[in-house]
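Single-structure report; data block below.
Please treat every number below as a calculation from the coordinates, not as lab data. Since the model is a prediction, treat every value here as computed from it, not as a measurement. Cβ atoms come from the backbone with ideal geometry, glycine included; neighbour counts cover every protein chain shown.
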Amino acid sequence: MGVRKILSPDIWLDNVKGLHVEHLIKRGIDVFVFDFDNTLAPWRSCEISDDVKRFLKSIQNRGGIVIIASNGKPRNIEMNGAVFLWRTGKPLAVKLRRYLSQKSIDRNRIIIVGDQIFTDVLTGKFLKVLTAKVKPISTKEFFGTRFLRLIEKVIEPTLKKEEAEK
Ligand SMILES: [Mg+2]
């Protein structure tokens, strides 16, 4: 697998609400793994906005499973029925792997959605599941992330160009 391929998400989105949930579920993809910071809420936030909650609820109402896998510190977030995995250590994501195997969730059922190529998208590539990249909700983030963002900025146009040529 080439470097470009390992860094290219399958789907580019402005935000999580752009996901075609119904279409994905029809294709048998019913396990939605979301990053938290800057994907579902601003960095270090402790709550999910009502419209994003409604969106997650709509996944659950269609029979989908919502897993929130974050590298961040544990927080008390109100979201009924969602599974929270904190300090997952993406991209290796040992905790997430363990959870998926405990629940015998087949990789063909999973999509990973996140705002970062080097954590979220790469996790998906390692797990060999579908990946979607969203734009970060805010520009505030961990200083290490800001460094990776610079690299993302450089490589994204190339990745997108390749996507368009497919
Ligand atoms: Mg994030």
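What residues qualify as long-range amide H neighbours of Ile68, i.e. H under 5 Å apart, gap of 5 or more or another chain, H built at 1.01 Å from N?
For Ile68, the qualifying residues are Phe34, Val83, Phe84, Leu85.
Suppose every K and R has +1 on its Cβ and every D and E has -1 on its Cβ; what is the size of the dipole of the chain about the Cα centre, in Debye to the nearest 20?
440
Can you give the Rg to Rh ratio for the chain, taking only C-alpha atoms and Rh from Kirkwood?
Over the Cα atoms of the chain, Rg/Rh equals 0.93.
Between the alpha-carbon centers of region 99-163 and region 53-77, tell me the distance in whole angstrom.
Each part's Cα centre sits 17 Å from the other's.
How much of the DSSP beta bridge set in the chain is antiparallel, as a percent to the nearest 5?
Counting DSSP beta bridges with both partners in the chain, the antiparallel share is about 0 percent.
What value, in deg cm²/dmol to 500, does the helix sum -39500 (n - 2.57) over DSSP H runs of n ≥ 4 give at 222 nm once divided by the residues of the chain?
Rounded to the nearest 500, the figure is -11000 deg cm²/dmol.
Rank by packing, highest mean first: peptides 118-126, 64-72, with packing defined as the count of other Cβ atoms within 10 Å averaged across residues.
Order by mean packing, descending: 118-126, 64-72.
Which one, Leu19, Gly72, Ser138, is farthest towards the positive end of the dipole of region 1-140 when Lys and Arg carry +1 and Asp and Glu -1 on their Cβ?
Gly72
What are the GluC sites (Glu not before Pro) within region 1-106 that DSSP puts in a loop, where the Cβ has at most 11 other Cβ atoms within 10 Å?
In loop regions of region 1-106 (DSSP not H, G, I, E or B), the sparsely surrounded GluC sites (Glu not before Pro) are Glu78.
Given contacts defined as C-alpha pairs under 8 Å and at least six residues apart, what's the relative contact order of region 3-165, whole-number percent?
30
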